[in-house]
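Here the structure is laid out as C-alpha cells; the discussion comes afterwards.
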Amino acid sequence: MSLIDNVFNSVAREVNKVQTRSQDLMQTMSLQNQINELERRKTMRLAEIGKVVFDEKHNHAPAREDEVKRLCDEVASLEAEMAVLQAEIDKVKAKNDPDATPSQKAEAKAGYAATPNFFCPGCGTPANRDKRFCPSCGESLKEHHNKAADNGMDPIDVEAQ
C-alpha cells in the first residue's frame, strides 16, 4: 500500500500545482485585460488632448486650459491604475517564477505592493512609500519621503523629476 500511497500523493501534488498555475494564469489574464481597457481609455483621452491643442493652435479656437488640465489629470489617474494592476501581475508571476529573486518571492507571498509612481532613490525599483527600506537595495525610503515633505513637495512629484 505504501507504493500506491506515494504514487497517489505525488499525483495529487502535481494536480495541485497545475490548478494553482492555471488560477494564476487566469488572474494574470484578467488583470492584463483590465490594463488593456485602461490603456484604451488613456489613448482616447490623449487624442482628446491633441484635438483641443490642435484646435487652439491651428484653428485659433479659444484656449481651454481647464479642459486640458482635466484630461491630463484623468490620464495620470489611468496610468496610476495601470501601474497598480501591473504590480499585481508581477506579484502573481514572481510566486512561481524560478528566476525570481528570493526577495521578489517573499514580497509576493507577503502581499507587498509598490506605491504607483514611487521609486527607490538609490536603485529606481518600484517601492512602497509606507515602507522604511527599499526591498531591492535596502536604501532608506523614509529619508527620501521626508526630504520631499520638508521641501513642501509631494514625494510623487520628486520622483517625476
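General remarks:
- Cross-chain or 6+ apart pairs with Cβ under 6 Å, the stretch 90-106 first and of a type in the set (D, E, K, R), then buried (at least 16 other Cβ atoms within 10 Å of the Cβ) and modelled with pLDDT of 75 or more: Lys105/Ala94
- Residues located in the stretch 17-56, provided they are over 21 Å from Glu67 (Cβ atoms) and of a type in the set (S, T, N, Q): Gln19, Thr20, Ser22, Gln23, Gln27, Thr28, Ser30, Gln32, Asn33, Gln34, Asn36
- Selected residue (only one of Asp24, Asp5, Asp55 is farther than 29 Å from Arg129 by Cβ and surrounded by 13 or more Cβ atoms within 10 Å (Cβ to Cβ)): Asp55
- From Ser10, Ser30, residue being in the same structural domain as Lys95 (by TED's automatic domain parsing) and within 30 Å of Ala114 (Cβ to Cβ): Ser30
- Among residues of the stretch 52-63 that are free of Cβ contacts under 8 Å to residues at least 60 places away in the same chain, those with a Cβ under 6 angstrom from a residue that is among the hydrophobic types (A, V, I, L, M, F, W, C), sequence gap 6+ or separate chain, pair up as Val52/Val68; Asp55/Ala61; Glu56/Ala63.
- Test set (1) assigned by TED's automatic domain parsing to the domain that holds Glu37; (2) touching a helix residue (DSSP H, G or I) at 6+ places or on another chain (Cβ under 9 Å) - Lys105 fails condition number: (1)
The values are calculated or read from the model by the stated rules, or taken from the named source; none is laboratory data. Owing to the predicted nature of the structure, the values given are computational and were not obtained by experimental measurement. Cβ atoms come from the backbone with ideal geometry, glycine included; neighbour counts cover every protein chain shown.
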